[in-house]
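Quick note: the coordinates plus some simple rules give every number you see, no bench work behind them. Being a predicted model, the structure only gives us computed values, none of them experimental. Cβ placement follows ideal geometry from the backbone for every residue including glycine, while neighbour counts extend to all protein chains displayed.
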Amino acid sequence: MKVKKKLRVFARKSLSAIRRFLSLISDNKALIALILTFSFLIALFLRLTPMKWGIYLNEFDPYYEYYLAEKIVEKSDGNILKGIAWWFNWWFEPYPKPKDKLFWAPWGRDLRATSQPGSAIFSALVYYFLHDIAGLPVSLYVVHAFLPAIAASLSTFTIYLLGRELRDDSLGVFSAFFISFSLPFIYRTNLGAKHEGVAIPALLFGLYAFLKSYREGRTSWAIIAGLSFGIVTLAWGGYIYVWQLMALLAVVWLLLNPNDENAAKSYLISNIIFQVFIAITPR
């Protein structure tokens, strides 16, 4: 009984200390910035830990996405926009569409019809700016290995924005700190990992922008939300979960609040952009 009583006292004191700390955070912008920076660095360093064994891609999907990035750079011919245009030109090419014989031998695989291009496009873009514009001696392989780790670490900032919009700065900081060392998230987004590193921060920012659009009634935020969800579509086959969740949320909310014009407008604008990205991604 004494042990239980001591535990209850300890729990009450701990909760009280947490509440005081969170109230302090809400009033101190410098402290918020410090915690967010610290959370970002934790997230980044944990994801870069495998680098002590060398810079390698991790499992099969990252190698395939790296191959797609190579194809985009190859088709760019010094202009990255040409490479990206080549990918989406799939729609306008006559049948039979070209196939890559390296996969699914002996029939080959239509890469552009069966792949999410987001991770490859972002790697090719970053490589183009670093190598061709900035003149840095980096390889596409290294860029592709680091991209998911760095991009995923930015989730500390996007989830902070979402938490702040849902409630306040305290929730945002709390969320940022805990996502920085979330083991399932790190496992999918460490050095050399695959597309979730690009998709998840975009997803969180899209939800934040959607809430801003709804609460402020601003079309610009709905457009930003749609573009963010579009990045998720390009990068991750799991975009369908987001798409269906947003549709379910809109239907339920508008059934309960049929006169809520802000909700209808925010959903309609963001969903139209979302569906455009779904339509131009053949997979």
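As a quick test, which of the pairs Lys75/Lys97; Lys71/Lys97; Lys71/Lys101 have an alpha carbon distance above 22 angstrom in this structure?
Over 22 Å apart, Cα to Cα: no pair at all.
If you bin the C-alpha pair distances of the stretch 30-154 every 10 Å from 0, what whole percents do you get?
Using 10 Å bins, I get a P(r) of 12, 35, 30, 17, 5, 1, 0 for the stretch 30-154.
Below 18 Å, Cα to Cα, which aspartates and glutamates can Lys194 reach? Residues fewer than 8 away in the same chain don't count.
Glu59, Asp61, Glu65, Glu70
With every atom except the alpha carbons ignored, what do you get for Rg and Dmax of the chain, in angstroms?
Values for the chain (Cα only, Rg and Dmax): 22.1, 80 Å.
Between the alpha-carbon centers of the stretch 226-283 and the stretch 83-134, tell me the distance in whole angstrom.
26 Å
Based on C-alpha coordinates, I'd like the Rg and Dmax of the stretch 235-278, in Å.
So, for the stretch 235-278, Rg and Dmax equal 11.3, 35 Å respectively.
What does the charge dipole of the chain about its Cα centre add up to, to the nearest 20 debye, if the Cβ of each Lys and Arg holds +1 and the Cβ of each Asp and Glu holds -1?
Computed charge dipole of the chain: roughly 1580 debye.
Scan around Asp100 for amide H atoms under 5 Å from its own, H built in the peptide plane at 1.01 Å from N, and keep only partners 5 or more places away or cross-chain.
Amide H to amide H, under 5 Å and 5 or more residues apart or across chains, Asp100 pairs with Arg109, Asp110, Leu111.
How do 224-232, 180-188, 85-93 rank on mean C-beta neighbours within 10 Å, highest first?
Order by mean packing, descending: 224-232, 180-188, 85-93.
Under the rule of -39500 (n - 2.57) per DSSP H run of 4 or more residues, summed and divided by the residues of the chain, what mean residue ellipticity at 222 nm is obtained, to the nearest 500 deg cm²/dmol? Before the final figure, lay out the partial values.
Numbers: 13 runs with 200 residues, N = 283.
When only DSSP H runs of four or more count, the value is -23500 deg cm²/dmol.
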